[in-house]
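Structure record follows, encoded as C-alpha cells.
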Amino acid sequence: MKILVLYWSYTDNTEAVAKTIYDTVKEEGYRCDIFKIEDDLKVDWFSYDLLFVGSPVYEFLPPKSVMKYMQDKFHYYRDEKGYLKPSSPKLKDKFAVVFCTYAGPHTGIHEAIPAIKYVEQFFEHLGFFIIEPITVVGSFRAEKLDGKFGRKKEQWEKMNKFGRLGDITGRPNDNDLSEVKNKTIGIINTIKTLLM
Ligand SMILES: Cc1cc2nc3c(=O)[nH]c(=O)nc-3n(C[C@H](O)[C@H](O)[C@H](O)COP(=O)(O)O)c2cc1C
C-alpha cells in the first residue's frame, strides 16, 4: 500500500498533524510521501492507494489556496484524463481520508464539517472510497496572527479562551497528536481488511 499525505498550513497546527500521520505510517512499515499544497504541486493522486488530505478551517471551509488546488486537480482529472464518470463508480483500491484542524470558537465542530465535506467531494466524485475524517482542535496562534486578518493578538487569545470548546490554548497538544497516531493506525487496519 502506497500512501500520500497532502496538507496546507499557515500557523503549523495542520503541519503537526500531517507529520504525525506521516511518521505513524512510516512506523507501520508503509511507503509514504508528504507534500505541502502549493500552486505548482504536480503529485499524481492516482499513483497512491491511500491519501490523507488536510487543511485548517477558514470561515467553515478550507482556505482559498486549498480550494483552488482541489479545483485545479479535479478539472485536470475530469478534462484531461476523463476520470469523472456518471454516478462516480467506486475504484476498488483508492481511499481518501480528510483531516482538518479547527478552533470552533463559535459553533464548535459544526464549523469544521462543511470544510471536510467540501474536500471529500472531490475524491468521492473521482471514485475514491471515503474513510472517516480526522478532526483536531487547533488554537489560534496569537503571536503569529497578531495584526493579521484585522485582529490583534489579544483578540485571538480571547477566541482561544472563551469559545464553544472551552480553553483551547496550545492545542493540538501531545494528547491530540497521540490520538491522531491511534486513529491513523486504525485507518490502516481498516483498509488492510478492505483489501483482503
Ligand atoms: C483567518 C482565519 C479564519 C479561521 N476561521 C475559522 C473558522 O471559521 N472556524 C474554525 O473552527 N476555526 C477557524 N480558524 C482557526 C483555524 O482553523 C485553526 O487555528 C487551525 O488549526 C489553523 O491551522 P494551521 O496552523 O495549520 O494554519 C481560523 C483561523 C484563521 C487564521
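The values are calculated or read from the model by the stated rules, or taken from the named source; none is laboratory data. A quick note: this is a predicted structure, and the numbers were derived from the prediction, not measured. In this analysis, Cβ positions are derived from the backbone assuming ideal geometry, glycine residues included, and neighbour counts consider all displayed protein chains.
Quick one: how many residues across segment 29-52 are within 16 Å of the ligand (Cβ to nearest atom) and either out of contact with any Phe, Trp or Tyr (no Cβ under 7 Å at 6 or more places or on another chain) or assigned to a loop (DSSP other than H, G, I, E, B) (or both)?
The qualifying residues number 3.
Across segment 115-150, what is the total count of residues that are away from the ligand (no atom under 14 Å from the Cβ) and in a loop (DSSP other than H, G, I, E, B)?
Summing the residues that are away from the ligand (no atom under 14 Å from the Cβ) and in a loop (DSSP other than H, G, I, E, B) in segment 115-150 gives 3.
Only one of (1) touching a helix residue (DSSP H, G or I) at 6+ places or on another chain (Cβ under 8 Å); (2) in a loop (DSSP other than H, G, I, E, B); (3) not charged (D, E, K, R) is not met by Leu91, so which one is it?
Result: Leu91 fails condition (1) only.
Within segment 78-91, can one find any residue that is small (Gly, Ala, Ser) and in contact (Cβ under 8 Å) with a residue 24 or more places away in the chain?
Yes.
Every residue, every condition in (1) in contact (Cβ under 8 Å) with a residue 24 or more places away in the chain; (2) closer than 30 Å to Met1 by Cα; (3) of a type in the set (Phe, Trp, Tyr); (4) out of contact with any Ser or Thr (no Cβ under 6 Å at 6 or more places or on another chain), yes or no:
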site	(1), (2), (3), (4)
His125	yes, yes, no, no
Pro133	yes, yes, no, yes
Asp146	no, no, no, yes
Lys152	no, no, no, yes
Thr193	no, yes, no, yes
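For segment 171-187, check the following and say yes or no: at least one residue is farther than 24 Å from Tyr69 by Cβ, in contact with a Phe, Trp or Tyr (Cβ under 8 Å, 6 or more places away or on another chain) and modelled with pLDDT of 95 or more.
no
Kindly provide the set of residues from segment 15-67 that are farther than 19 Å from Tyr118 by Cα and touching a helix residue (DSSP H, G or I) at 6+ places or on another chain (Cβ under 6 Å), ordered by number.
Val17, Thr20, Ile21, Thr24, Glu28, Cys32, Ile34
Pick from segment 4-28 the residues that are of a type in the set (Phe, Trp, Tyr) and not in a loop (DSSP other than H, G, I, E, B): which of them is nearest to the chain's Cα centre (by Cα)?
The selected residue is Tyr7.
What's the total number of residues in segment 170-196 that are closer than 20 Å to Ala16 by Cβ and assigned to a helix (DSSP H, G or I)?
15
Do you know which residues across segment 77-114 are within 8 Å of the ligand (Cβ to nearest atom) and hydrophobic (A, V, I, L, M, F, W, C)?
Residues satisfying the conditions are Cys100, Ala103, Ala112.
Can you work out which of the residues in segment 71-102 that are touching an Asp or Glu at 6+ places or on another chain (Cβ under 8 Å) and small (Gly, Ala, Ser) is farthest from Glu120 (Cα to Cα)?
Ser88
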